[in-house]
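The values are calculated or read from the model by the stated rules, or taken from the named source; none is laboratory data. The structure presented is a predicted model; accordingly, all values stated were derived computationally and were not measured. Here the Cβ positions follow ideal geometry from the backbone for every residue, glycine too, while neighbour counts run over all protein chains shown. For the accessible areas, the whole protein counts, side chains as well, though only heavy atoms, and no ligand, DNA or RNA atoms are used. Shrake-Rupley method; radii C 1.70, N 1.55, O 1.52, S 1.80 Å.
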Amino acid sequence: MAQKKSFLRGYSMVLHSFLMYWIYGTLIGGGLSVIVAQYCGMTGLDSNLVTSVNTVGGFLSVVMTFLIGRWVMTRGVRGITAFSCVGTAAGLCILGNGDGLGIYVLWSVISQGLYNGYSFTATNALIANWFPRKKGWVMGITTAGMMAASFTSVMFISVFSPRIGFTNVCYILAAVIAALGLVSLKWIVDTPEQCGLLPDNLPLTEQERQAFGGGAARQDWTARELILSRDGMCYIIGFGLLFIATTGGITAFVPYMVERGYSQVDAVGLMSLTSLFSLIGSFVIGVLDTRLGTKTASLIYAALYVIGYCGAFALTGTDKLFLLPLWLAMASGGANANLMASALVSQYGRANYASVWSVLFTGASLIRNLCYLLIGSIASLSGTYARVYLFWGIISAFSFVLLAASNFKYRPAPRR
């Protein structure tokens, strides 16, 4: 059996995962609205159109979600993390020199196709291997990287693009992301057992050994069994709808605030302030996951979205009161990422995580990819981004019902 040594290596995986979600927050989360604005300013394209075509990139890249899950299952996290970071950096350089819609669609395919290779699929599998017992609150820390991007890299894009040019900003971010990818080749260790350590730095009980597995990836469920099960469908649709509300809430924030009369810089500043609350909220949801269970934490999370987004719509006509419910909803903005992962570890175990994730998360991603089309369509048809947030509240209510009907408990592998 592996012997305990210094667990600093394990905690360094938390830092690494935090940085990977920081990249996601910069390019796919809150940073997307700023990137769209800067690219449209450089090319003269309509921002609603460019936002909508992210849906095209999302659907074209869904196959990558499945393939990356298989890569993680068979080859581990290290290689795909490096590949995805370097590929994303190359895409940024192309985007910075773009001159039309075609280049943006290419960037959308690259960025959305590869984010699972450095964040959701890969880094969640890493944390599930290292911290199977404490996955909830640890993932609450790592996914906070998405919100940290708002007051660091996203602010950098917003402030420095007018000063040094959007192209140069893309080059700088590309260099940072590529460097993180290359460092990952030496930094990442897929499982604690590979370096003589133990999961959570504690020996596994016999019951935990059956649930968590030994770290070696397995595939005990077929895709058909997962998709056609009640819990599988509740996961795909329930978390898929929350994924829309999470991504859409932060993506629509800047144009919504500009519509309310704020400048883009002030809107990004408010998004940064919101993200400070989200750092705390993501961690709190992670603690609730660990102490109360993933199902209870997920229901609390969905309820916050219903109350917050519907409340923001109801108070849109006020001066600043609409910000209070909006902040309430977005205060746990990063929690969807850790709850989606934690649910599958709880239900299928540590060893089956990658194989199950590659199927069920792919299904949820298909739904999430409607996000950008919905933002552009609802804003264009209604003439206001306020109705976008009302829609997020409504679909979050559907998500609450589906997750309430799902069983989050561990189930043993089927006998063949």
Cα lying deepest toward the dipole's positive end in region 278-416, options Ile378, Ser355, Ala337, charges on Cβ: Ser355
Zone residues, region 68-93, relative to Leu182, backbone N less than 15 Å from point 7 Å out along Cα-to-Cβ: 82-90
Residue-averaged 222 nm ellipticity for the chain, from DSSP H runs of 4+ at -39500 (n - 2.57), nearest 500: -25000 deg cm²/dmol
Ordering of 140-149, 350-359 by burial proxy (mean other Cβ atoms within 10 Å per residue, highest first): 140-149, 350-359
Charged-residue dipole, Cβ positions (Lys, Arg, Asp, Glu), the chain about Cα centre, Debye nearest 20: 1140 debye
Kyte-Doolittle mean at least -1.0 and Cα axial length at least 24 Å: DSSP H helices in the chain: 8-27, 47-75, 78-96, 101-118, 166-187, 230-251, 264-292, 294-314, 386-404
Highest average packing first - 314-325, 115-126, 285-296, 384-395, Cβ atoms within 10 Å: 115-126, 384-395, 285-296, 314-325
Estimated dipole of region 287-395 in Debye, rounded to 20 [Cβ of Lys and Arg +1, of Asp and Glu -1, Cα centre]: 140 debye
Dipole of region 236-326 [Lys/Arg +1, Asp/Glu -1 at C-beta], most positive-end residue of Phe253, Phe277, Phe239: Phe239
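At 0.36 nm per residue, and after removing the present C-alpha to C-alpha distance, how many nm does the segment from Asp46 to Ala90 gain when stretched out fully? Intermediate values should be presented prior to the final figure.
Working: separation 44, 0.36 × 44 = 15.84 nm, distance 2.46 nm.
Here the segment from Asp46 to Ala90 would lengthen by 13.4 nm.
Mean separation of Cα pairs under 8 Å and 6+ residues apart, divided by the residue count of the chain: what relative contact order is that in percent? Each step should come with its number before you reach the end.
Details: 752 pairs, mean separation 110.7, N = 416.
Value for the chain: 27 percent.
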Cα gyration tensor, region 149-202 - rounded (a/c under 1.5), prolate or oblate: oblate
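Within 10 Å, count the other beta carbons around each residue, average over each peptide in 254-264, 338-348, and list them highest first.
Values: 254-264: 17.8, 338-348: 26.0.
Taking the mean over residues of other Cβ atoms within 10 Å, the ranking is 338-348, 254-264.
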Cross-link table Lys134/Lys186; Lys134/Lys295; Lys135/Lys186; Lys186/Lys409, entries beyond 27 Å C-alpha to C-alpha: Lys186/Lys409
Cα Rg, Dmax (largest Cα-Cα span) when computed across region 1-124, Å: 16.6, 62
Selection from Gly117, Phe59, Phe131 lying farthest towards where the dipole of region 36-171 points positive, charges on Cβ: Phe131
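Would you mind telling me the share, in percent, of accessible area of the chain contributed by carbon and sulfur at probe 1.4 angstrom?
68 percent
Tell me, what is the FRET efficiency for Leu228 and Glu193 to the nearest 0.05, using R0 = 45 angstrom and their Cβ-Cβ distance as r? Intermediate values should be presented prior to the final figure.
On the way: r = 34 Å, r/R0 = 0.75.
Efficiency, rounded to the nearest 0.05: 0.85.
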Average accessible area per residue (Å²) across the chain - probe 1.4 Å, nucleic acids and ligands excluded: 36 Å²
Loop trypsin sites (Lys or Arg not before Pro), region 19-87, which have at most 13 other Cβ atoms in a 10 Å radius of their Cβ (DSSP): none
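Quick one: dipole size for region 51-163, taken about the Cα centre, charges +1 on Lys/Arg Cβ and -1 on Asp/Glu Cβ, in debye to the nearest 20. Walk me through the numbers on the way to the answer.
Details: 7 positive and 1 negative charges, 107 e Å.
Once rounded to the nearest 20, the dipole reads 520 debye.
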Two-site label geometry, Ala413 and Ala397: point separation in nm, points 7 Å out along Cα→Cβ: 4.3 nm
Where a label projected 7 Å from the Cα of Ile307 along Cα→Cβ would reach, residues of region 324-343 with amide N under 16 Å: 324-333
